[in-house]
Amino acid sequence: MIRSFFFKKKESLLSPNYLKFLNEVLGVYPKDENLYNEAITHASFKKNKKNISDNERLEFLGDAFISMVIGEHLFEKFPNKNEGFLSQLRAKIVSREQLNSLGKKIGLEEHLLYQKSTNKYKSLIGNAFEALFGAILLDQGIVKAQKIFKEVIIKKFIDLETIQVEQRDFKSELLVHCQKEQKELSFKTNSKKLKDGEYFFTVSALINDEEKSNGSGYSKKEAEQNASKNIILDLSHF
């Protein structure tokens, strides 16, 4: 009785909110909490601080792990698709854009440790997402880590139908359509402005010099794809 009275539960290294996130969203109960602190620590945060590790090494491990789990899932999901289709779809799912989106969807962003400044860390959330699963892999083992990724991330947050649509090369499809119709496709840049520290483009898609659609993005290629996408999706409705 006396020994239990004086026993003090070890205080967690993780913030209550972060620990709640791991428990309730991912179903993870950390064994080595240092791994999970490391997973959310960006290199900018550890400047002028001793004994703090950033998440770059865990990011490397998580990247390989996620690619493997996604590859296995697609292999089972699409038994009749060839290597090219599977590789392109996997590349889309593990892209910076998709990983950033997944990190936001599960609520990881609010727990990240980084030096806030005018710099925009484009891959901050996606890199931390990879690092987090690198930490889970080391802490929980590969079987548990795979189960968490499949049951939480793939089932709840990855929409393969939407990703397949986004994977399409709408500009190439539109070019083929115009060639069949013996029409000329061209693009015109309407604006190029700084947005969040990056150039943001708006373009018009023209068919026989007639403006048919507008699109925007952080590169001319992305903007042209979006402009083409609007036309192709309109064509599919007829």
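The values are calculated or read from the model by the stated rules, or taken from the named source; none is laboratory data. Because the structure is predicted, anything quoted here is derived from the model rather than measured. Cβ atoms come from the backbone with ideal geometry, glycine included; neighbour counts cover every protein chain shown.
Can we say residue 229 is closer than 30 Å to residue 122 by Cα, touching a residue at least 24 places away in the same chain (Cβ under 8 Å) and not assigned by TED's automatic domain parsing to the domain that holds residue 93? Yes.
Of the residues in the stretch 119-133, at least one is exposed (fewer than 14 other Cβ atoms within 10 Å of the Cβ), more than 18 Å from residue 18 (Cα to Cα) and at pLDDT below 95.
Determine if the stretch 174-194 includes at least one residue that is within 24 Å of the chain's Cα centre (by Cα) and aromatic (Phe, Trp, Tyr). First the steps, then the outcome.
Residues of the stretch 174-194 that are within 24 Å of the chain's Cα centre (by Cα), as a first pass: 194.
Checking which are aromatic (Phe, Trp, Tyr) leaves us with none.
Checking the stretch 174-194: not a single residue is within 24 Å of the chain's Cα centre (by Cα) and aromatic (Phe, Trp, Tyr).
Scanning the stretch 57-97 for residues that are among the aromatic types (Phe, Trp, Tyr) and out of contact with any helix residue (DSSP H, G or I) (no Cβ under 6 Å at 6 or more places or on another chain) returns 60, 75, 78, 85.
Among the residues of the stretch 14-36, those that are in contact (Cβ under 8 Å) with a residue 60 or more places away in the chain, surrounded by 13 or more Cβ atoms within 10 Å (Cβ to Cβ) and in a helix (DSSP H, G or I) comprise 18, 21, 35, 36.
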